1. Filtering region 5-38 down to residues that are among the basic types (Lys, Arg) and within 21 Å of residue 187 (Cα to Cα), which residue is farthest from the ligand (Cβ to nearest atom)?
2. For region 195-226, enumerate the residues that are charged (D, E, K, R) and in contact with a helix residue (DSSP H, G or I) (Cβ under 9 Å, 6 or more places away or on another chain).
3. Out of the helices (runs of 4 or more DSSP H) lying entirely within region 84-186, which hold 2 or more residues that are in contact with a strand residue (DSSP E or B) (Cβ under 9 Å, 6 or more places away or on another chain) and not polar (S, T, N, Q)?
4. Of the residues that make up region 234-244, is at least one within 15 Å of the ligand (Cβ to nearest atom) and under 21 Å from the mean Cα position of the chain (by Cα)?
5. Can you pull out every residue in region 41-77 that is of a type outside the set (D, E, K, R) and within 17 Å of the chain's Cα centre (by Cα)?
6. So which residues in region 1-33 are touching a residue at least 60 places away in the same chain (Cβ under 8 Å), of a type outside the set (Lys, Arg), part of a helix (DSSP H, G or I) and more than 25 Å from residue 124 (Cβ to Cβ), if there are any at all?
7. Identify, by number, the condition in (1) in contact (Cβ under 8 Å) with a residue 12 or more places away in the chain; (2) under 23 Å from residue 130 (Cβ atoms); (3) not in a helix (DSSP H, G or I) that residue 242 doesn't meet.
Amino acid sequence: MGRLDGKVALVTGGGSGLGRAIAVRYVAEGARVLVTDVNLAGCEETLAAMPESFRSRAVARRVDVSREPEVEAAVADAVERWGGLDVMVANAGIGAPGFLADLPLEDWQRVLDVNLTGVFLCARHAVRAMRERDRGGSIVVMSSVAGLHGAAMLGAYGPTKAAVLQLVQTLALEGAPSRIRANALCPVWTESPMVDAFVQGLGMTREQGEKVLTRDIPLRRLGKPDDVAWAAVYLGSDESTFVTGVALPIDGGHMAGRLP
Ligand SMILES: NC(=O)c1ccc[n+]([C@@H]2O[C@H](COP(=O)([O-])OP(=O)(O)OC[C@H]3O[C@@H](n4cnc5c(N)ncnc54)[C@H](O)[C@@H]3O)[C@@H](O)[C@H]2O)c1
């Protein structure tokens, strides 16, 4: 028995990092998953990372979350293929590291388009499909601890991650009459290509980067993609049917306070 048996899920940004881990876990827990990303080859790699016996429950599709017709068509694809949508994992996100004073306006705009407008578009088309079917549903939004406090050099990224937290609260209120839940995950630094690129951009080796990034993590390690994927399984499953409107840190104690 899988924890997501019978569920249909759509995962955005499923071609890499956390989205890949979530898609793999979801399929292993019994879900049928539309694995989407702007990078279709990445989605195919995600399917290849699934045990062969589960792979028939996953389909790869190219979707840019900042383009509404693509999001709408992807939700329609899941509904037509499998009869409805139970879980939307709005995970796709990008960063544009740099100090606010130096950040090109185009970079700021692109981060907003993907991280905020993209989540809005995924949520609204998911809600429409879930309402139509009238069997409730779960929207899982990937925020960050950078949405819970300021973060130097993440000047475009942090505000989008804070904004989606309020989007989630609003979705929770508006979705409640239809038993549509919305929750956010707030990971701290977690092993992924995004973090590798950030560390490289600082001119550090992986080891140096890990030392710096774990300074404010009491459990003294980076997150692992599966730390986040397990939380996404919980929020997508019926184990969490009374949980809505929350922001769950997955952060090794980072939000608990300062170390001496
Ligand atoms: N890794 C971390 O430390 C960390 C911490 C907190 C939050 N997050 C969040 O987790 C999510 C996944 O990040 P990751 O670390 O796996 O990064 P990643 O770069 O490995 O994966 C992000 C994926 O999103 C895809 N993507 C980018 N723009 C897109 C678009 N317009 N439409 C669809 N897909 C698009 C990329 O192609 C990539 O496959 C992001 O929202 C990120 O902000 C990551």
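1. Across region 5-38, the extreme among qualifying residues is 25.
2. Those that are charged (D, E, K, R) and in contact with a helix residue (DSSP H, G or I) (Cβ under 9 Å, 6 or more places away or on another chain): 196, 206, 210, 216, 221, 224, 226.
3. It comes to 118-133, 157-175.
4. Step one: filter region 234-244 for residues within 15 Å of the ligand (Cβ to nearest atom), giving 235.
Add one more test, that the residue is under 21 Å from the mean Cα position of the chain (by Cα), and what stays is 235.
Taking every residue of region 234-244 in turn, at least one turns out to be within 15 Å of the ligand (Cβ to nearest atom) and under 21 Å from the mean Cα position of the chain (by Cα).
5. As a first pass, look at region 41-77 and keep what is of a type outside the set (D, E, K, R): 41-43, 46-51, 53-54, 56, 58-60, 63, 65-66, 69, 71, 73-76.
Within region 41-77, 42, 43, 46, 60, 63, 65, 66, 71, 74, 75 meet the criteria.
6. Selection gives 21, 24.
7. (1)
Residue by residue, here is whether (1) buried (at least 18 other Cβ atoms within 10 Å of the Cβ); (2) more than 27 Å from residue 150 (Cβ to Cβ); (3) in contact (Cβ under 8 Å) with a residue 40 or more places away in the chain holds:
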{"site": "35", "(1), (2), (3)": "yes, yes, no"}
{"site": "40", "(1), (2), (3)": "no, yes, no"}
{"site": "43", "(1), (2), (3)": "yes, yes, no"}
{"site": "48", "(1), (2), (3)": "no, yes, no"}
{"site": "77", "(1), (2), (3)": "no, yes, yes"}
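The values are calculated or read from the model by the stated rules, or taken from the named source; none is laboratory data. Because the structure is predicted, anything quoted here is derived from the model rather than measured. Neighbour counts are summed over all protein chains in view; Cβ atoms, including those assigned to glycine, are modelled from backbone coordinates with ideal geometry.
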